[in-house]
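Reviewing the structure listed below.
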Amino acid sequence: MRASKMGSGMSTNWRITSFNGVLLAAYFIPTWAVIATRIVMSPVRGLYERPSVSVALYASDHLQLASMTTVRFAWLLALGRLTVVAFFILFICLAVRAAIRKMGSGDEALAIALGIGSVISFASMIMASQVGEIEALRIHATELLLMLGSGIVMLCEAPPRPAAAASADLSVQKAQLSYNS
């Protein structure tokens, strides 16, 4: 009896935004952390790997950056990716706590991760289309669609209503009914 109550309670307290955010974090944390680490370890080589090659080609062909400026540009890209990873990790930490998750208090961290990540993916997608890197274009477009889809889910899902506010509304209604009768 006790196990069935615990099992049913666990499945009903996850909001769609929280569940979707955890799934996104499961992809973006390891993927973008590895990409950023490779760029930090070896900026030029890391920048010319598949996930960032469109940015590297655009920087060298269209912007004609010097080698040291290209390294700084690579580190800036790595910093942006690590920032997104950090906000996803913060969201996961907040989503673990049921009270925080039910209130939707971790949604800000998820929104920041989605916002910064969408800008990086969109810019990378535009650069990939400019340099003709079809595989990189597909990667960035897929990541952008994942993040935009999650953003839309966040916008469409009704904000969680605190239990204290719901009980306060009931007590106000009760007081009005007793006064009018």
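The values are calculated or read from the model by the stated rules, or taken from the named source; none is laboratory data. Just so you know, these numbers come straight off a predicted model, no measurement behind them. Every residue, glycine as well, gets a Cβ built from its backbone with ideal geometry; the counts of neighbours run over all protein chains shown.
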Problem set entry | Contacts under 9 angstrom Cβ, first residue in the range 86-102 being closer than 13 Å to F19 by Cα and at pLDDT 85 or above, partner buried (at least 22 other Cβ atoms within 10 Å of the Cβ) and among the basic types (K, R), 6 or more apart | L94/R101; A95/R101
For this session: Evaluate the following for A78: is it part of a helix (DSSP H, G or I), over 18 Å from A56 (Cβ atoms) and out of contact with any Gly (no Cβ under 7 Å at 6 or more places or on another chain)?
Result: no
For this session: Under 7 Å between Cβ atoms, at least 6 apart or on separate chains: pull out the pairs that start in the range 130-153 with a residue that is within 26 Å of E108 (Cβ to Cβ) and end on any residue that is surrounded by fewer than 16 Cβ atoms within 10 Å (Cβ to Cβ).
Result: V153/I16
Problem set entry | Checking G117 against (1) over 15 Å from L77 (Cα atoms); (2) surrounded by 17 or more Cβ atoms within 10 Å (Cβ to Cβ), the condition it does not meet | (1)
Problem set entry | Test set (1) loosely packed, with under 14 Cβ neighbours inside 10 Å; (2) in a helix (DSSP H, G or I); (3) at pLDDT 75 or above; (4) of a type outside the set (V, I, T) - L144 fails condition number | (1)
For this session: Kindly provide the set of residues from the range 102-111 that are part of a helix (DSSP H, G or I) and within 16 Å of S150 (Cα to Cα), ordered by number.
Result: D107, E108, A109, L110, A111
Exercise. G80 fails exactly one of the following numbered conditions: (1) of a type in the set (G, A, S); (2) in contact (Cβ under 8 Å) with a residue 12 or more places away in the chain; (3) more than 20 Å from V53 (Cβ to Cβ). What is the number of that condition?
Worked result: (3)
Exercise. Does G21 qualify as being within 20 Å of I112 (Cα to Cα) and modelled with pLDDT under 95?
Worked result: yes
Exercise. Would the range 34-48 turn up any residue that is surrounded by fewer than 19 Cβ atoms within 10 Å (Cβ to Cβ) and within 19 Å of the chain's Cα centre (by Cα)?
Worked result: yes
Exercise. So T70 fits all but one of (1) touching a helix residue (DSSP H, G or I) at 6+ places or on another chain (Cβ under 6 Å); (2) more than 20 Å from W32 (Cα to Cα); what number is the exception?
Worked result: (2)
